[in-house]
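The values are calculated or read from the model by the stated rules, or taken from the named source; none is laboratory data. What you see is a predicted model, and the numbers here were worked out from it, not measured in a lab. Positions of Cβ are generated from backbone atoms using ideal geometry, with glycine treated the same way; all protein chains shown enter the neighbour counts.
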Amino acid sequence: MYYIRYNFSYPSLLKSKGAMLISGFNTLSKEQRKLYNQDKMSIYYRNLFALWSALFFAGAVLSQLVSGYLTIIVFIIWIVSVFKNMHLDANKAFGQYKIKK
């Protein structure tokens, strides 16, 4: 239980500094990073990781209570979610967090 609680709360403690842990964002220059709302990015990825943790927890519980095949279904749902949130272009990945002037 400690792991789940720690996993949910740790990214929220970092606030905007947590954006530096996002893959691809840390490779941008400091000037480019200032163009994005890092608080919104941190909140979005915190919620995404919490969803993934809950998904795996539900898969573990369902595999013990119902059938081990449910783990495969949960894993497929997770893979779809990962590929949906994966972008090769920084503008596509972080465009929704750009600060409008």
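Going residue by residue through region 69-78, is there one that turns out to be crowded, with 16+ Cβ neighbours inside 10 Å, in a helix (DSSP H, G or I) and among the aromatic types (F, W, Y)?
no
So M41 passes all but one of these: (1) touching a Phe, Trp or Tyr at 6+ places or on another chain (Cβ under 6 Å); (2) over 22 Å from F83 (Cα atoms); (3) of a type in the set (A, V, I, L, M, F, W, C). Which condition number does it fail?
(2)
Is there a residue being aromatic (F, W, Y), at pLDDT below 60 and in a helix (DSSP H, G or I) anywhere in region 7-25?
Yes, there is a match, as at least one residue in region 7-25 is aromatic (F, W, Y), at pLDDT below 60 and in a helix (DSSP H, G or I).
Could you tell me which residue of region 79-101 is farthest from I43 (Cα to Cα), considering only residues that are touching a strand residue (DSSP E or B) at 6+ places or on another chain (Cβ under 7 Å) and assigned to a helix (DSSP H, G or I)?
F94
Does region 53-101 hold any residues that are among the aromatic types (F, W, Y) and over 21 Å from G24 (Cβ atoms), and which are they?
F56, F57, Y69, F75
For K30, work out the one condition from (1) at pLDDT 85 or above; (2) over 16 Å from the mean Cα position of the chain (by Cα) it doesn't fulfil.
Going through (1) at pLDDT 85 or above; (2) over 16 Å from the mean Cα position of the chain (by Cα) one by one, K30 breaks only (1).
Of all residues in region 30-68, which are more than 24 Å from Y97 (Cβ to Cβ), part of a helix (DSSP H, G or I) and hydroxyl-bearing (S, T, Y)?
Correct list: S63 only.
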